[in-house]
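The values are calculated or read from the model by the stated rules, or taken from the named source; none is laboratory data. What you see is a predicted model, and the numbers here were worked out from it, not measured in a lab. Positions of Cβ are backbone-derived with ideal geometry, glycine not excepted, and every protein chain shown enters the neighbour counts.
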There are 2 protein chains.
Amino acid sequence: MQRTTFSDQHCSVARTLDIIGEWWTLMILRDIFYGVHRFEALLTQLGISRKVLTQRLQRLTDEKILRKVAYQQNPPRYEYRLTARGIDIMPVLLSIMRWGDRWLSEDKQVPVEFVHTECGEVVVPKVVCGHCEGELSIRNLVPRPGLGSAEEEIKSMREASSNPELFKLS
Amino acid sequence: MQRTTFSDQHCSVARTLDIIGEWWTLMILRDIFYGVHRFEALLTQLGISRKVLTQRLQRLTDEKILRKVAYQQNPPRYEYRLTARGIDIMPVLLSIMRWGDRWLSEDKQVPVEFVHTECGEVVVPKVVCGHCEGELSIRNLVPRPGLGSAEEEIKSMREASSNPELFKLS
DNA sequence: AGACTATAGTCTCTTTAAGAGACTTACTAT
DNA sequence: ATAGTAAGTCTCTTAAAGAGACTATAGTCT
């Protein structure tokens, strides 16, 4: 694959995808959120190869998304747990799950649901504005160049936000 | 790479990642959200290879996330626009961006921000419960096997939800 | 007319990551 | 002594990504 990195683009999406956008990484995190914490268990649950699982767990540990916790000595055995950074990836997984539930469920055989203990309901995650709690959609969001923006980006954004035609549905 | 598919796992996360989890795919969608709609523009913005860009756009079009719209005849030229399915991927991108903003921004040089036109503020996306609007965190979410669940999943979930130790922070 | 430019690809060749699965290490249990 | 277990490591093969030359179709410039 000889894969390039996205990070030279100094954008939060690019830098985040550099870490969690690799093949298998979000699947591994999903299983850890579900309670699967050990190497062999992840291996059989996911059907991933040992080599790649080792690499991904190493990377996630390096990035402080997971940490290794010894659960026995003699011989030393570790399991992988989420750090605060790792726990904060849950909204990403929830929004991915939400999209799949909405657009890919021809059958209704959902293997896992999350129950929200505050209200007792099965969670249907929703992304809202942190300020006004209003719903976010492409119609009420305008991209705007920030401080670290390049000329080219500014130009295409100006085009986009002044041309509602671009966001017409099919 | 000889990549396996995740979809045999009939889970919304797996099936969604099969489509949008490929290398470059979310970066392409990000740029299209920003207003970059044409082949050559995406090519130069992203620094992707022509072959892979062609493949990804084809896949996204097949999956009805993008659609090709002719913007001129003679010679026929197309641009790529979001469908309803595609627009609904925005929450995924927003939550990815949010994670990066929170955990990876040593400098504050954000190249792009979204302004919420309802309240006029720069958006800080938040994922909440669709029922009670309450915030979702690992502490108030309990995974539960759904109808399409396998035995092994049920077991590890029961372990996880009965063991608060597993979610301790580092 | 001929040369040049623009857009959206296709094609070939090389490099590298993923997959499969055998092997390793260090202990425990029978 | 033999088998089992957990967490890897190693080797070999295969397929996907990268680089970049080439193609097709039309318009524009001189």
List every residue pair whose Cβ atoms sit under 6 Å apart, with the two residues 6 or more apart in sequence or on different chains, where the first one lies in segment B:127-152 and is under 13 Å from A:F33 (Cβ atoms) and the second, anywhere, is modelled with pLDDT under 85 and hydrophobic (A, V, I, L, M, F, W, C).
B:I138/B:F167; B:P143/A:V112; B:P143/B:M157
Condition first: in a loop (DSSP other than H, G, I, E, B) and charged (D, E, K, R). Now tell me which residues in segment B:1-22 satisfy that.
B:R3, B:E22
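Considering only residues that are buried (at least 21 other Cβ atoms within 10 Å of the Cβ) and either in contact (Cβ under 8 Å) with a residue 40 or more places away in the chain or among the basic types (K, R) (or both), which ones fall in segment B:61-79?
Taking segment B:61-79 and keeping what is buried (at least 21 other Cβ atoms within 10 Å of the Cβ), we get B:65-66.
B:I65, the sole residue that qualifies.
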Out of the residues in segment B:10-22 that are crowded, with 20+ Cβ neighbours inside 10 Å and away from DNA strand C (no atom under 13 Å from the Cβ), which is nearest to the chain's Cα centre (by Cα)?
B:I20
Could you please find all residues in segment B:80-94 being under 21 Å from A:E135 (Cα atoms) and surrounded by 16 or more Cβ atoms within 10 Å (Cβ to Cβ)?
B:L82, B:T83, B:R85, B:G86, B:I87, B:D88, B:I89, B:M90, B:P91, B:V92, B:L93, B:L94
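Could you list, in sequence order, the residues of segment B:69-88 that are within 13 Å of chain A (Cβ to nearest Cβ) and within 8 Å of DNA strand C (Cβ to nearest atom)? Spell out how you get there, then give the answer.
Kept after step one, since they are within 13 Å of chain A (Cβ to nearest Cβ), are these residues of segment B:69-88: B:69, B:71, B:79-88.
B:Y71, B:E79, B:Y80 - these are the residues of segment B:69-88 that are within 13 Å of chain A (Cβ to nearest Cβ) and within 8 Å of DNA strand C (Cβ to nearest atom).
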Against the condition more than 16 Å from DNA strand D (Cβ to nearest atom) and in a helix (DSSP H, G or I), how does B:D101 come out, does it pass?
yes
A:V122 vs. criteria surrounded by fewer than 16 Cβ atoms within 10 Å (Cβ to Cβ), more than 7 Å from chain B (Cβ to nearest Cβ), of a type in the set (V, I, T) and farther than 19 Å from A:L29 by Cα
yes
Hey, does segment A:23-41 have a residue that's within 10 Å of DNA strand C (Cβ to nearest atom), in a loop (DSSP other than H, G, I, E, B) and either more than 8 Å from chain B (Cβ to nearest Cβ) or without any contact (Cβ under 8 Å) to a residue 60 or more places away in the chain (or both)?
yes
Sole exception among (1) surrounded by fewer than 18 Cβ atoms within 10 Å (Cβ to Cβ); (2) part of a loop (DSSP other than H, G, I, E, B) for A:L53, by number
(2)
Just one of A:T61, A:T54, A:T4, A:T16 is at the interface with chain B (Cβ under 9 Å from one of its Cβ atoms) and within 13 Å of DNA strand D (Cβ to nearest atom); which is it?
A:T4
